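Participant: Could you have a look at this structure, given as structure tokens, before my questions?
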Amino acid sequence: MDAVDAETARHWDELYQRRERIWSGRANPHLVDVVDPLPAGTALDLGCGEGADAIWLAGRGWRVTAVDVSTTALDRAAAEAAAAGVAARIDFQRHDLTRTFPEGVFDLVSAQFLQSPLEFPRAEVLQAAARAVAPGGRLLIVEHGEVPPWSRLAHPDVRFPTPEETLAELDLDPDGWRTERLDAPRRAVTDPDGQPATLVDHLVLVRRR
Ligand SMILES: C[S@@+](CC[C@H](N)C(=O)[O-])C[C@H]1O[C@@H](n2cnc3c(N)ncnc32)[C@H](O)[C@@H]1O
């Protein structure tokens, strides 16, 4: 079996090649909230995309391993990291997380919107993410809670796993982990027409004892 599924790589590379920049370039706000009070350590950013979270973490002194399946995204992220002067603190690695996973354990493992319209063994990947958390470290999962109201995919029948369902999928030993957050925070954003809008995210933060 190849280390990378060709269809997965093509899908995400095509998305990134549509424009010079796909995401905002700013670190995800829930990551910033959670990490702000923590001392710097080692972090693993799963599905790092254009690298904004990894670059923000590295700027705060973290040593980051940042992973994505898209070479277009990784090249872009590496160029941004160099421009920000933090390239030495980020190890960009290409993985199809459904097939290979970075080695090591980390003080923070972050999966921000690691969601895919393709077949994606979500529970297995998130369980591997939990196994990569060092003793005393944290796993932060942030996902869409609702489809953005302006999206062509918005439909009342479309639903995402609740934070409780995601926690259950992780199948963690309750004696080995403490749940620090399990909620659905709202976020004020500006929609593509420049109008104010609200997004709902689903957030799971667990800490290994
Ligand atoms: C919705 S984007 C989120 C990007 C970034 N975390 C952010 O919040 O801006 C999902 C990312 O996961 C990556 N991805 C999707 N499937 C993957 C897989 N099987 N292995 C590794 N990365 C994957 C995509 O290339 C994409 O960059």
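Participant: Can you tell which of 161, 149 is buried (at least 18 other Cβ atoms within 10 Å of the Cβ) and farther than 21 Å from residue 35 by Cβ? Spell out the reasoning first.
Facilitator: Working: 149 fails: buried (at least 18 other Cβ atoms within 10 Å of the Cβ).
Checking each option against the conditions leaves just 161.
Participant: Moving on to the next point. Looking only at segment 21-50, count every residue that is within 22 Å of residue 100 (Cβ to Cβ), out of contact with any strand residue (DSSP E or B) (no Cβ under 8 Å at 6 or more places or on another chain) and not in a loop (DSSP other than H, G, I, E, B) and tell me the total. Can you show your working first?
Facilitator: The first filter runs over segment 21-50 and keeps only residues within 22 Å of residue 100 (Cβ to Cβ), leaving 42-50.
Still in the running and out of contact with any strand residue (DSSP E or B) (no Cβ under 8 Å at 6 or more places or on another chain): 50.
Now restrict to residues that are not in a loop (DSSP other than H, G, I, E, B): none.
Residues in segment 21-50 being within 22 Å of residue 100 (Cβ to Cβ), out of contact with any strand residue (DSSP E or B) (no Cβ under 8 Å at 6 or more places or on another chain) and not in a loop (DSSP other than H, G, I, E, B): 0 in total.
Participant: Take the residues in segment 106-120 that are closer than 13 Å to residue 46 by Cα and among the aliphatic types (A, V, I, L, M), then tell me which one is surrounded by the most Cβ atoms within 10 Å (Cβ to Cβ).
Facilitator: Taking segment 106-120 and keeping what is closer than 13 Å to residue 46 by Cα, we get 106, 108-116.
Narrowing further to those that are among the aliphatic types (A, V, I, L, M): 108-109, 111, 114.
Values: 108: 23, 109: 28, 111: 22, 114: 22.
Looking at residues that are closer than 13 Å to residue 46 by Cα and among the aliphatic types (A, V, I, L, M), I get 109.
Participant: Yes or no: segment 121-140 includes at least one residue that is modelled with pLDDT under 95 and open to solvent by 50 Å² or more (accessible area, probe 1.4 Å). Explain how you work it out, then say what you get.
Facilitator: Step one: filter segment 121-140 for residues modelled with pLDDT under 95, giving none.
No: segment 121-140 contains no residue that is modelled with pLDDT under 95 and open to solvent by 50 Å² or more (accessible area, probe 1.4 Å).
Participant: Right, here's the next one. Please find, within segment 97-109, the residue that is farthest from residue 9 (Cα to Cα) out of those that are part of a loop (DSSP other than H, G, I, E, B) and in contact with a helix residue (DSSP H, G or I) (Cβ under 6 Å, 6 or more places away or on another chain). Steps first, please.
Facilitator: Taking segment 97-109 first, the residues part of a loop (DSSP other than H, G, I, E, B) are 97-105.
Applying the additional criterion that residues be in contact with a helix residue (DSSP H, G or I) (Cβ under 6 Å, 6 or more places away or on another chain) yields 97, 101.
Working: 97: 11, 101: 15 Å.
So, considering only residues that are part of a loop (DSSP other than H, G, I, E, B) and in contact with a helix residue (DSSP H, G or I) (Cβ under 6 Å, 6 or more places away or on another chain), the one farthest from residue 9 (Cα to Cα) is 101.
Participant: Kindly indicate whether residue 106 is near the ligand (Cβ under 9 Å from one of its atoms), of a type in the set (Phe, Trp, Tyr) and in contact (Cβ under 8 Å) with a residue 40 or more places away in the chain.
Facilitator: Numbers: near the ligand (Cβ under 9 Å from one of its atoms): no; of a type in the set (Phe, Trp, Tyr): yes; in contact (Cβ under 8 Å) with a residue 40 or more places away in the chain: yes.
Against the criterion (near the ligand (Cβ under 9 Å from one of its atoms), of a type in the set (Phe, Trp, Tyr) and in contact (Cβ under 8 Å) with a residue 40 or more places away in the chain), residue 106 does not qualify.
Matching residues to (1) over 24 Å from residue 101 (Cα atoms); (2) more than 11 Å from the ligand (Cβ to nearest atom):
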position	(1), (2)
13	no, no
19	yes, yes
57	no, yes
81	no, yes
87	no, yes
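Participant: Next question. Checking the conditions here, which among 40, 83 is among the hydrophobic types (A, V, I, L, M, F, W, C), surrounded by fewer than 22 Cβ atoms within 10 Å (Cβ to Cβ), more than 25 Å from residue 120 (Cβ to Cβ) and touching a Phe, Trp or Tyr at 6+ places or on another chain (Cβ under 6 Å)?
Facilitator: On inspection, the qualifying residue turns out to be 40.
Participant: How many of the residues making up segment 43-80 are at positive phi and either crowded, with 24+ Cβ neighbours inside 10 Å or in contact with a helix residue (DSSP H, G or I) (Cβ under 7 Å, 6 or more places away or on another chain) (or both)? Steps first, answer last, please.
Facilitator: So the first thing to find is which residues in segment 43-80 are at positive phi, and the list is 47, 49, 51, 61.
Within this subset, residues satisfying the condition of being either crowded, with 24+ Cβ neighbours inside 10 Å or in contact with a helix residue (DSSP H, G or I) (Cβ under 7 Å, 6 or more places away or on another chain) (or both) are 49, 51.
The qualifying residues number 2.
The values are calculated or read from the model by the stated rules, or taken from the named source; none is laboratory data. Computed from a prediction, not measured in an experiment: that's the story for all the values here. As a convention, Cβ positions derive from the backbone with ideal geometry for all residues, glycine included, and neighbour counts pool all protein chains shown. Keep in mind that these areas ignore ligands, DNA and RNA; they rest on the heavy atoms of the full protein, side chains included. Shrake-Rupley method; radii C 1.70, N 1.55, O 1.52, S 1.80 Å.
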